[in-house]
Amino acid sequence: MCGQGEDASRAEPWETAAALVRAAQGGDALAMDELLVLVTPYVTRLCRPIAPHDAADAVQESLLAVFKGLRGLRDPVAFYAWVRTVTVREAVRVARRTGAEEPADPAGLARLGGLRADADGDLPADVRDVLARLPVRHRAVLVLRELEGLDEAAVADLLGVPQGTVKSRLHRARSSFRKAWSR
């Protein structure tokens with residue numbers, strides 16, 4: 001583990017998280033709180049494009065699942081990969097539960113059209129709108145492959161579907177995204 005000051009600022013995110021995971025697993029409530037605060041932006045970044053209409057619910061469900069399941073995490077260094085798996089599962093579940101896949105209001109989109117990036121690095125509004133129009137199964141595959149940079153095998157593992165299903169969904173998602181984008 002790193003020391004104080006300059007060394008602590010150079011620590012990799014998974015190293016910082018691993019120390020907090022160990023402490024939280026040992027019953028340290030402050031470490032658990034700090035860990036959840038640390039991972040919330042990452043969870044939010046994953047949930048917003050997968051469950052755009054219910055991102056807040058998806059984030060809350062994901063953080064709750066992280067809180068409840070943390071004791072079962074065997075390798076604290078694998079915390080971020082585990083959080084990604086939990087978050088994607090919860091975001092897809094929330095998006096499916098609500099079933100909201102409506103196009104954005106054109107007047108609302110016109111007001112947001114000038115945005116290119118949010119201060120927190122969030123996706124541009126026009127990209128979020130196009131993603132929101134895709135079915136959940138396509139949205140999840142597209143986000144994991146294109147935004148998270150995972151390969152088809154990793155996406156298949158995360159979503160619990162065969163790799164061929166991921167490839168076909170990805171093809172359809174890209175095609176649908178291009179069509180919606182060109183409108």
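The values are calculated or read from the model by the stated rules, or taken from the named source; none is laboratory data. Note that the structure is a prediction, hence the values are computed from the model and not measured. Only protein heavy atoms, including side chains, enter the accessible area calculation; ligands, DNA and RNA are left aside. Shrake-Rupley method; radii C 1.70, N 1.55, O 1.52, S 1.80 Å.
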Item to complete: At 1.4 Å probe size, with no ligands or nucleic acids counted, give the accessible surface of S175 in Å², nearest ten.
Response: 40 Å²
Worksheet entry | Surface accessible to a 1.4 Å probe, R48 within the full protein complex, Å² | 80 Å²
Discussion item. Tell me the accessible surface of E34 in square angstrom (1.4 angstrom probe, heavy atoms of protein chains only), to the nearest ten.
Written reply: 110 Å²
Worksheet, complete the sentence: Per residue convex hull volume, Cα only, segment 20-96, in Å³ is 71 Å³
